[in-house]
1. Would you calculate the separation in nanometres between label points at residue 212 and residue 231, each defined as 7 Å from the Cα along the Cα-to-beta-carbon direction?
2. Once the Cβ-Cβ distance between residue 204 and residue 328 is put in as r, and R0 is 51 Å, what FRET efficiency do you end up with, to the nearest 0.05?
3. At a 10 Å Cβ-Cβ cut-off, how would you order 231, 237, 173, fewest neighbours first?
4. For the range 31-201, just list the percent of Cα-Cα distances falling in each 10 Å bin from zero outward, please.
5. Starting from 0.36 nm per residue, how many nanometres of slack lie between residue 46 and residue 270 once their C-alpha separation is accounted for?
6. In nm, what is the difference between 0.36 nm times the number of residues separating residue 402 and residue 153 and their Cα-Cα distance?
7. So if we plug the beta-carbon distance of residue 310 and residue 65 into 1/(1 + (r/R0)^6) with R0 = 35 Å, what FRET efficiency do we get, rounded to 0.05?
8. Could you order peptides 129-136, 304-311, 90-97 by the average number of other Cβ atoms within 10 Å of their residues, highest first?
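Read the figures in this text as sums done on the coordinates, not as results from a lab. No experiment lies behind these values; they were computed from the predicted model shown. When we count neighbours, we look across all protein chains shown, and the Cβ atoms used for this are built from the backbone with ideal geometry, even at glycine.
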């Protein structure tokens with residue numbers, strides 16, 4: 001956790017800047033550096049302008065070199081130091097290390113070693129009663145690149161270990177807290193300690209800073225094994241406000257060598273902390289990440305985000321889906337091809353009960369005989385069967401000359417009147433009765449064309465052949481404009497009735513008739 005607190009103090013005696021580091025160095029610039037006895041301190045200076053790869057360090061007024069970057073590992077262990085590039089790290093600081101250090105005779109560091117507690121080296125923290133509060137451990141100025149690896153970060157109060165996060169901080173939580181960073185070098189552990197006095201304020205000031213993105217409880221879709229960067233942006237006009245990330249109850253470090261770290265930038269009135277997950281794992285998916293804004297002028301603000309695994313596009317699922325659709329369509333087409341007549345009749349007969357016809361015809365069909373020169377025409381019994389089946393079984397309303405034409409009416413007028421009142425005309429072959437005269441057939445043809453009345457032509461096996469050669473011209477015209485259905489003997493086959501009914505419109509029933517049929521559980525007819 002990098003706490004960016006640089007205390008620049010002007011000195012009359014030494015006109016340099018120095019950084020109060022509590023118990024560890026936190027400044028790379030020349031000046032006074034304070035360090036607690038027994039802990040690590042690190043100094044750094046720029047390389048010389050002439051590009052010399054060897055960095056030389058001198059102590060006090062000695063002319064001889066105190067340390068240099070090309071020292072052997074054995075020499076460094078003997079002196080208890082680490083010299084790496086332009087870094088000088090003292091692993092276990094003692095009073096003997098106190099003094100002035102120069103680098104290339106350019107940079108001057110005054111190292112001050114103290115052993116007792118002094119409050120001027122603290123990092124004070126203010127929190128507000130009944131608000132959440134997170135203690136931040138300052139970032140130690142230790143060289144990166146794996147020279148020293150941090151192994152632990154522990155918080156203490158009165159020598160008791162604790163977690164540095166309070167869900168609702170209370171007045172009794174105030175006190176002196178210390179955070180201890182542990183580093184491993186050559187099998188040995190070295191420490192840096194920071195002191196954080198916590199003050200609890202009871203007044204709640206207005207909120208001036210806020211987190212603008214991401215939203216609280218926002219979910220981010222990620223892919224396992226990839227690098228993810230999530231920006232946390234806050235509006236703040238104070239350079240002392242802290243914006244950082246937490247992983248569960250642990251702090252995310254700013255060390256880029258860690259698997260999970262963050263980078264903070266501050267530009268005018270906007271702060272940004274970019275959470276970087278180097279390689280997303282299953283553990284990351286079950287971990288809550290929290291961006292938190294800490295300020296001494298207002299209560300802390302935090303937003304929590306969640307990671308979820310991005311749904312992978314599966315070609316196997318796509319293939320299975322496509323095959324299933326093709327199979328379903330193939331089966332549907334096969335079933336429809338085999339049972340299309342039954343399906344059409346079922347849908348039509350079912351829907352006809354819920355929507356009666358809007359025309360004003362009196363009859364569904366007009367049955368009229370035509371003369372068949374062979375003995376294959378329908379006999380009286382066949383015609384009776386045809387009429388009774390259409391009326392009684394299928395519910396059609398038929399107009400029959402011998403039954404519905406008033407006595408004394410002229411034949412031509414009676415026929416044309418039946419055509420006028422019928423939705424369909426059915427021509428039935430007969431060898432027993434003479435058919436209409438040619439002039440009447442022509443009139444019928446004209447009436448059907450004018451009124452666009454549907455015409456169904458029932459024929460037999462022999463009349464199919466007769467129709468092509470020996471039919472009268474007027475009857476031939478009627479047969480050309482008609483839908484043909486073949487009578488194949490008595491009793492007529494079910495395919496005959498299906499085909500005939502497909503050419504006929506749905507029976508014209510009144511709503512009362514449909515209601516009667518439904519009440520008598522006869523929905524299959526209606």
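1. It works out to 1.0 nm between the two label points.
2. On the way: r = 64 Å, r/R0 = 1.26.
With R0 = 51 Å, the Cβ-Cβ based efficiency is 0.20.
3. 237, 231, 173
4. So the P(r) values, bin by bin, are 9, 33, 30, 18, 9, 2.
5. 77.6 nm
6. 78.6 nm
7. 0.05
8. Highest mean packing first, the order is 129-136, 90-97, 304-311.
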